[in-house]
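Enquirer: Please read through the structure below; I'll follow up with questions.
The values are calculated or read from the model by the stated rules, or taken from the named source; none is laboratory data. What you see is a predicted model; the values in this text were computed from it and never measured. All Cβ positions, even for glycine, are placed from backbone atoms using ideal geometry, and neighbour counts span all protein chains on display. For accessibility, only protein heavy atoms count, side chains too; no ligands or nucleic acids. Shrake-Rupley method; radii C 1.70, N 1.55, O 1.52, S 1.80 Å.
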Amino acid sequence: MNRENIVAKKKFGQNFLKDQSILVKIIQAMPKNDNKIVEIGPGLGDLTKFLVDVKSVEAFEVDTDLCKLLQSTFKEEIDTKRFHINCGDVLQAWQSTLVDEAYDLVANLPYYIATKIILKALEDPMCKNILVMVQLEVAEKFCANAGGKVFGSLGIITQSVGTANIVVKVPPTAFDPQPKVDSAVFLIQKNSDRCDKDFEDMLRVAFSQPRKTLMKNLSSKYDKELLINVFQTLELIQTIRPHQVSTQDYHQLYKIIT
Ligand code: SAM
(Lines give C-alpha, C1' and ligand atoms only; values in the text may rest on other atoms or scores of the structure.)
Protein backbone atom coordinates (compact mmCIF):
# COMPACT_ATOMS: atom_id res chain seq x y z
CA MET A 1 0.00 0.00 0.00
CA ASN A 2 1.47 3.40 -0.88
CA ARG A 3 0.08 6.82 0.01
CA GLU A 4 -0.87 7.78 -3.57
CA ASN A 5 -3.45 4.97 -3.57
CA ILE A 6 -5.10 6.03 -0.31
CA VAL A 7 -8.57 7.54 -0.67
CA ALA A 8 -9.83 9.42 2.43
CA LYS A 9 -12.66 7.59 4.21
CA LYS A 10 -15.43 9.87 5.45
CA LYS A 11 -16.68 7.31 7.99
CA PHE A 12 -13.34 7.55 9.86
CA GLY A 13 -13.32 11.38 9.79
CA GLN A 14 -10.27 11.48 7.54
CA ASN A 15 -9.17 15.03 6.74
CA PHE A 16 -5.43 14.97 6.32
CA LEU A 17 -3.54 18.05 7.50
CA LYS A 18 -1.42 19.37 4.64
CA ASP A 19 -0.32 22.79 5.88
CA GLN A 20 3.28 22.39 7.10
CA SER A 21 3.16 25.65 9.08
CA ILE A 22 0.35 24.22 11.26
CA LEU A 23 2.31 20.99 11.81
CA VAL A 24 5.25 23.10 13.00
CA LYS A 25 2.97 25.14 15.33
CA ILE A 26 1.70 21.90 16.91
CA ILE A 27 5.26 20.72 17.56
CA GLN A 28 6.24 24.13 19.00
CA ALA A 29 3.23 24.08 21.36
CA MET A 30 4.11 20.69 22.87
CA PRO A 31 4.81 20.90 26.61
CA LYS A 32 8.48 20.28 27.41
CA ASN A 33 8.75 17.15 29.56
CA ASP A 34 9.76 13.47 29.47
CA ASN A 35 6.28 12.09 28.89
CA LYS A 36 5.61 9.63 26.11
CA ILE A 37 3.50 10.85 23.17
CA VAL A 38 0.25 9.17 22.26
CA GLU A 39 -1.11 10.00 18.81
CA ILE A 40 -4.69 8.99 17.97
CA GLY A 41 -5.32 8.67 14.23
CA PRO A 42 -1.86 9.20 12.67
CA GLY A 43 -3.44 8.86 9.21
CA LEU A 44 -0.76 9.25 6.53
CA GLY A 45 1.84 9.95 9.21
CA ASP A 46 2.58 13.59 8.38
CA LEU A 47 2.33 14.77 12.00
CA THR A 48 3.90 11.51 13.21
CA LYS A 49 7.10 12.29 11.24
CA PHE A 50 7.62 15.40 13.34
CA LEU A 51 6.63 13.65 16.58
CA VAL A 52 9.05 10.70 16.27
CA ASP A 53 11.87 13.21 15.80
CA VAL A 54 11.14 14.60 19.26
CA LYS A 55 10.08 11.56 21.34
CA SER A 56 8.83 7.98 21.19
CA VAL A 57 5.25 7.65 19.99
CA GLU A 58 2.47 5.16 20.75
CA ALA A 59 -0.17 5.43 18.02
CA PHE A 60 -3.74 4.13 17.53
CA GLU A 61 -5.18 3.92 14.01
CA VAL A 62 -8.50 2.28 13.12
CA ASP A 63 -8.07 2.14 9.33
CA THR A 64 -6.32 -1.10 8.28
CA ASP A 65 -5.00 0.42 5.01
CA LEU A 66 -3.42 3.33 6.87
CA CYS A 67 -2.07 0.97 9.49
CA LYS A 68 -0.18 -1.00 6.84
CA LEU A 69 1.12 2.21 5.27
CA LEU A 70 2.37 3.44 8.67
CA GLN A 71 4.04 0.10 9.39
CA SER A 72 6.10 0.44 6.22
CA THR A 73 6.72 4.22 6.44
CA PHE A 74 7.98 3.95 10.02
CA LYS A 75 9.72 0.57 9.76
CA GLU A 76 13.01 1.95 11.07
CA GLU A 77 11.32 3.76 14.00
CA ILE A 78 9.36 0.59 14.83
CA ASP A 79 12.60 -1.43 14.82
CA THR A 80 14.32 1.11 17.09
CA LYS A 81 11.21 1.30 19.35
CA ARG A 82 10.59 5.01 18.71
CA PHE A 83 7.21 4.16 17.23
CA HIS A 84 4.54 1.60 18.06
CA ILE A 85 1.25 1.35 16.21
CA ASN A 86 -1.94 -0.27 17.57
CA CYS A 87 -4.31 -1.13 14.73
CA GLY A 88 -7.93 -0.81 15.83
CA ASP A 89 -10.49 1.48 17.44
CA VAL A 90 -8.86 3.56 20.19
CA LEU A 91 -12.09 3.64 22.22
CA GLN A 92 -12.12 -0.17 22.36
CA ALA A 93 -8.49 -0.23 23.48
CA TRP A 94 -9.05 2.42 26.19
CA GLN A 95 -9.55 0.85 29.63
CA SER A 96 -8.97 2.93 32.77
CA THR A 97 -5.75 4.14 31.10
CA LEU A 98 -4.71 4.08 27.45
CA VAL A 99 -1.03 3.33 28.09
CA ASP A 100 0.64 2.45 31.37
CA GLU A 101 3.04 5.39 31.66
CA ALA A 102 2.72 9.18 31.79
CA TYR A 103 1.83 10.53 28.35
CA ASP A 104 0.78 13.62 26.42
CA LEU A 105 -1.92 13.20 23.79
CA VAL A 106 -0.93 14.99 20.57
CA ALA A 107 -3.28 14.48 17.63
CA ASN A 108 -5.38 15.79 14.81
CA LEU A 109 -8.49 14.00 16.06
CA PRO A 110 -11.30 12.38 14.05
CA TYR A 111 -14.04 15.00 14.62
CA TYR A 112 -16.93 12.52 14.96
CA ILE A 113 -15.50 11.22 18.27
CA ALA A 114 -13.27 14.14 19.32
CA THR A 115 -15.27 15.21 22.41
CA LYS A 116 -15.50 11.61 23.63
CA ILE A 117 -11.73 11.14 23.24
CA ILE A 118 -10.91 14.39 25.08
CA LEU A 119 -13.24 13.50 27.99
CA LYS A 120 -11.60 10.04 28.20
CA ALA A 121 -8.15 11.69 28.22
CA LEU A 122 -9.26 14.11 30.95
CA GLU A 123 -10.18 11.19 33.23
CA ASP A 124 -7.15 9.05 32.32
CA PRO A 125 -4.64 9.47 35.19
CA MET A 126 -1.70 8.70 32.88
CA CYS A 127 -2.60 11.51 30.49
CA LYS A 128 -0.86 14.71 31.56
CA ASN A 129 -1.46 17.11 28.65
CA ILE A 130 -3.78 17.21 25.65
CA LEU A 131 -2.74 19.05 22.45
CA VAL A 132 -5.30 18.37 19.77
CA MET A 133 -6.90 19.68 16.60
CA VAL A 134 -10.69 19.61 16.63
CA GLN A 135 -13.60 21.53 15.14
CA LEU A 136 -13.24 25.21 16.21
CA GLU A 137 -16.65 25.21 17.89
CA VAL A 138 -15.61 22.26 20.09
CA ALA A 139 -12.23 23.85 20.97
CA GLU A 140 -14.03 27.03 22.03
CA LYS A 141 -16.29 25.08 24.40
CA PHE A 142 -13.33 23.40 26.15
CA CYS A 143 -11.48 26.74 26.41
CA ALA A 144 -14.48 28.88 27.44
CA ASN A 145 -14.55 31.12 30.51
CA ALA A 146 -17.47 31.98 32.79
CA GLY A 147 -19.67 34.68 31.26
CA GLY A 148 -18.89 33.63 27.69
CA LYS A 149 -21.81 32.42 25.54
CA VAL A 150 -20.43 28.88 25.08
CA PHE A 151 -19.35 28.36 28.69
CA GLY A 152 -20.85 25.06 29.86
CA SER A 153 -20.04 21.61 31.23
CA LEU A 154 -17.00 21.07 28.96
CA GLY A 155 -15.38 24.35 30.06
CA ILE A 156 -16.13 23.68 33.74
CA ILE A 157 -14.80 20.10 33.61
CA THR A 158 -11.63 21.38 31.90
CA GLN A 159 -11.09 24.26 34.34
CA SER A 160 -11.56 21.78 37.21
CA VAL A 161 -8.55 19.75 36.09
CA GLY A 162 -6.23 22.34 34.55
CA THR A 163 -5.93 25.17 32.06
CA ALA A 164 -6.93 25.35 28.40
CA ASN A 165 -5.90 27.68 25.58
CA ILE A 166 -6.41 27.88 21.84
CA VAL A 167 -3.02 27.56 20.09
CA VAL A 168 -4.06 28.35 16.52
CA LYS A 169 -7.22 28.54 14.42
CA VAL A 170 -7.05 26.53 11.21
CA PRO A 171 -9.08 27.12 8.01
CA PRO A 172 -10.52 24.24 5.92
CA THR A 173 -7.89 24.93 3.20
CA ALA A 174 -5.19 23.45 5.49
CA PHE A 175 -6.65 19.94 4.90
CA ASP A 176 -7.18 17.45 2.12
CA PRO A 177 -10.06 16.72 1.75
CA GLN A 178 -11.29 20.02 3.19
CA PRO A 179 -13.74 19.77 6.13
CA LYS A 180 -16.90 21.92 6.04
CA VAL A 181 -16.01 23.65 9.31
CA ASP A 182 -13.17 25.73 10.76
CA SER A 183 -10.77 23.92 13.10
CA ALA A 184 -8.45 24.83 15.95
CA VAL A 185 -5.54 23.35 17.83
CA PHE A 186 -5.86 23.73 21.59
CA LEU A 187 -3.85 22.72 24.63
CA ILE A 188 -5.10 21.45 28.00
CA GLN A 189 -2.42 21.26 30.70
CA LYS A 190 -3.77 18.98 33.42
CA ASN A 191 -2.89 19.26 37.07
CA SER A 192 -5.46 16.74 38.33
CA ASP A 193 -7.89 14.19 36.87
CA ARG A 194 -11.50 14.61 35.84
CA CYS A 195 -13.94 15.52 38.60
CA ASP A 196 -16.32 12.99 40.08
CA LYS A 197 -19.38 11.77 38.20
CA ASP A 198 -21.87 13.29 40.69
CA PHE A 199 -20.39 16.76 40.06
CA GLU A 200 -20.82 16.20 36.32
CA ASP A 201 -24.42 15.04 36.94
CA MET A 202 -25.09 18.31 38.76
CA LEU A 203 -23.65 20.21 35.76
CA ARG A 204 -26.02 18.35 33.43
CA VAL A 205 -28.96 19.53 35.56
CA ALA A 206 -27.52 23.08 35.78
CA PHE A 207 -27.27 23.37 31.98
CA SER A 208 -30.37 21.31 31.13
CA GLN A 209 -32.07 24.45 29.78
CA PRO A 210 -29.18 26.88 29.15
CA ARG A 211 -31.38 29.95 28.57
CA LYS A 212 -33.37 29.47 31.80
CA THR A 213 -32.04 30.60 35.17
CA LEU A 214 -29.65 28.37 37.10
CA MET A 215 -32.14 28.41 39.99
CA LYS A 216 -34.94 27.04 37.79
CA ASN A 217 -32.74 24.28 36.36
CA LEU A 218 -31.27 23.20 39.70
CA SER A 219 -34.59 23.27 41.53
CA SER A 220 -35.87 20.52 39.21
CA LYS A 221 -33.65 18.16 41.22
CA TYR A 222 -32.41 19.89 44.39
CA ASP A 223 -34.24 21.40 47.37
CA LYS A 224 -35.35 24.97 46.55
CA GLU A 225 -35.01 26.35 50.12
CA LEU A 226 -31.45 25.07 50.32
CA LEU A 227 -30.68 26.56 46.90
CA ILE A 228 -31.98 29.99 47.98
CA ASN A 229 -29.68 29.90 51.01
CA VAL A 230 -26.66 28.75 49.02
CA PHE A 231 -27.21 31.42 46.35
CA GLN A 232 -27.24 34.02 49.13
CA THR A 233 -24.07 32.66 50.72
CA LEU A 234 -22.25 32.65 47.38
CA GLU A 235 -23.70 36.08 46.50
CA LEU A 236 -25.31 34.75 43.32
CA ILE A 237 -28.42 36.64 42.19
CA GLN A 238 -31.55 34.50 41.76
CA THR A 239 -31.79 35.35 38.04
CA ILE A 240 -28.25 34.30 37.18
CA ARG A 241 -27.93 32.05 34.06
CA PRO A 242 -25.90 28.84 34.12
CA HIS A 243 -23.07 30.21 31.88
CA GLN A 244 -22.54 33.23 34.16
CA VAL A 245 -21.40 31.20 37.20
CA SER A 246 -17.70 30.47 37.72
CA THR A 247 -16.20 26.98 38.01
CA GLN A 248 -15.21 27.76 41.60
CA ASP A 249 -18.83 28.65 42.49
CA TYR A 250 -20.09 25.44 40.85
CA HIS A 251 -17.77 23.47 43.14
CA GLN A 252 -19.00 25.42 46.19
CA LEU A 253 -22.61 24.82 45.18
CA TYR A 254 -21.92 21.13 44.72
CA LYS A 255 -20.34 20.78 48.17
CA ILE A 256 -23.40 22.24 49.85
CA ILE A 257 -26.33 20.87 47.87
CA THR A 258 -25.28 17.23 47.49
N1 SAM B 1 -3.19 12.68 11.85
C2 SAM B 1 -3.56 12.71 10.46
C3 SAM B 1 -3.36 14.11 9.91
O4 SAM B 1 -3.19 15.02 10.72
O5 SAM B 1 -3.40 14.30 8.70
C6 SAM B 1 -4.99 12.24 10.24
C7 SAM B 1 -6.07 12.96 11.02
S8 SAM B 1 -7.71 12.50 10.53
C9 SAM B 1 -8.56 13.99 11.00
C10 SAM B 1 -8.27 11.39 11.81
C11 SAM B 1 -7.56 10.04 11.85
O12 SAM B 1 -8.15 9.28 12.92
C13 SAM B 1 -7.70 9.19 10.60
O14 SAM B 1 -6.47 8.63 10.28
C15 SAM B 1 -8.71 8.10 11.00
O16 SAM B 1 -8.58 6.89 10.28
C17 SAM B 1 -8.38 7.94 12.48
N18 SAM B 1 -9.49 7.38 13.29
C19 SAM B 1 -10.82 7.58 13.13
N20 SAM B 1 -11.53 6.92 14.06
C21 SAM B 1 -10.63 6.28 14.87
C22 SAM B 1 -10.74 5.42 16.01
N23 SAM B 1 -11.94 5.09 16.52
N24 SAM B 1 -9.61 4.92 16.56
C25 SAM B 1 -8.37 5.25 16.03
N26 SAM B 1 -8.22 6.06 14.95
C27 SAM B 1 -9.31 6.58 14.37
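Enquirer: For the chain, take the longest principal axis of its alpha carbons; what is the angle in degrees between that and the long axis of helix 64-73, to the nearest 10 within 0 to 90?
Expert: Approximately 60 degrees, to the nearest ten.
Enquirer: Treat segment 24-93 as a sphere of radius equal to its Kirkwood radius over Cα pairs and apply Stokes-Einstein at 10 °C in a medium of 1.306 mPa s; give the translational diffusion coefficient in µm²/s, rounded to a whole number. All intermediate terms of the calculation are to be shown ahead of the outcome.
Expert: Values: Rh = 12.3 Å.
D, rounded to a whole number, is 129 µm²/s.
Enquirer: Still on this structure, please answer the following. Which percent of Cα-Cα pairs in segment 88-161 sits in each 5 Å bin, short to long?
Expert: 3, 15, 26, 26, 18, 9, 3, 1, 0
Enquirer: Still on this structure, I have one more. Just from the alpha-carbon atoms, what are the Rg and Dmax of the chain in angstroms?
Expert: Rg then Dmax for the chain, in Å: 20.4, 67.
Enquirer: Apply the Debye scattering formula to segment 197-257, with a single equal point scatterer on each alpha-carbon and no solvent, then give log10 I(q)/I(0) at q = 0.13, 0.22, 0.23 Å⁻¹.
Expert: With one equal scatterer per Cα and no solvent, log10 I(q)/I(0) is -0.26, -0.82, -0.91.
Enquirer: Cross-link partners among aspartates and glutamates for Lys141, C-alpha distance below 19 Å, same-chain residues fewer than 8 apart left out?
Expert: Reachable aspartates and glutamates: Glu123, Asp182, Asp193, Glu200, Asp201, Asp249.
Enquirer: Still on this model: Could you tell me which trypsin sites (Lys or Arg not before Pro) in segment 114-219 are loop residues by DSSP with no more than 14 other beta carbons within 10 angstrom of their beta carbon? Mind showing how you got there, number by number?
Expert: On the way: sites: Lys116, Lys120, Lys128, Lys141, Lys149, Lys169, Lys180, Lys190, Arg194, Lys197, Arg204, Arg211, Lys212, Lys216; in loops: Lys149, Lys180, Arg194, Arg211, Lys212.
Here the trypsin sites (Lys or Arg not before Pro) that fit, given the DSSP loop and packing criteria, are Lys149, Lys180, Arg211, Lys212.
Enquirer: At 7 Å along the Cα-to-beta-carbon direction for both Ser72 and Asp176, put a label point, then send me their distance in nm to one decimal.
Expert: Going from the Ser72 label point to the Asp176 one covers 1.9 nm.
Enquirer: Before anything else, pin down the relative contact order of the chain: Cα pairs under 8 Å, at least 6 apart, normalised by residue count, whole percent.
Expert: Working: 434 pairs, mean separation 43.1, N = 258.
This gives 17 percent for the chain.
Enquirer: Just to confirm the number: angle between the C-alpha axis of helix 114-123 and the first principal axis of the chain, 0 to 90 degrees, nearest 10?
Expert: 70 degrees
Enquirer: So how do Asp46, Asp65, Asp176 rank on accessible area, 1.4 Å probe, biggest first, that is with the largest at the start? Working shown, then result.
Expert: Working: Asp46 30, Asp65 50, Asp176 90 Å².
The residues order as Asp176, Asp65, Asp46, largest area first.
Enquirer: Segment 196-258 to segment 1-73: how many Å between their Cα centroids?
Expert: Here the answer is 42 Å between Cα centres.
Enquirer: Just grab the label-to-label distance for Thr258 and Val168, each label 7 Å out from Cα along the Cβ direction, in nm (one decimal).
Expert: Label at Thr258, label at Val168, 3.9 nm between them.
Enquirer: What dipole magnitude, in Debye to the nearest 20, does the chain give about its Cα centre under +1 on Lys/Arg Cβ and -1 on Asp/Glu Cβ?
Expert: Numbers: 32 positive and 32 negative charges, 159 e Å.
Here the chain has a charge dipole of around 760 debye.
Enquirer: If you don't mind, another one. On a full-extension model of 0.36 nm per residue, what is the gain between Asp198 and Asp65, subtracting their alpha-carbon distance, rounded to one decimal in nm? Mind dumping the intermediate values first?
Expert: Details: separation 133, 0.36 × 133 = 47.88 nm, distance 4.15 nm.
Working it through step by step, the gained length comes to 43.7 nm.
Enquirer: Just the accessible area per residue of the chain, please: how many Å² with a 1.4 Å probe? Write out the running numbers ahead of the final one.
Expert: Values: 12820 Å² over 258 residues.
Here the per-residue accessible area is 50 Å².
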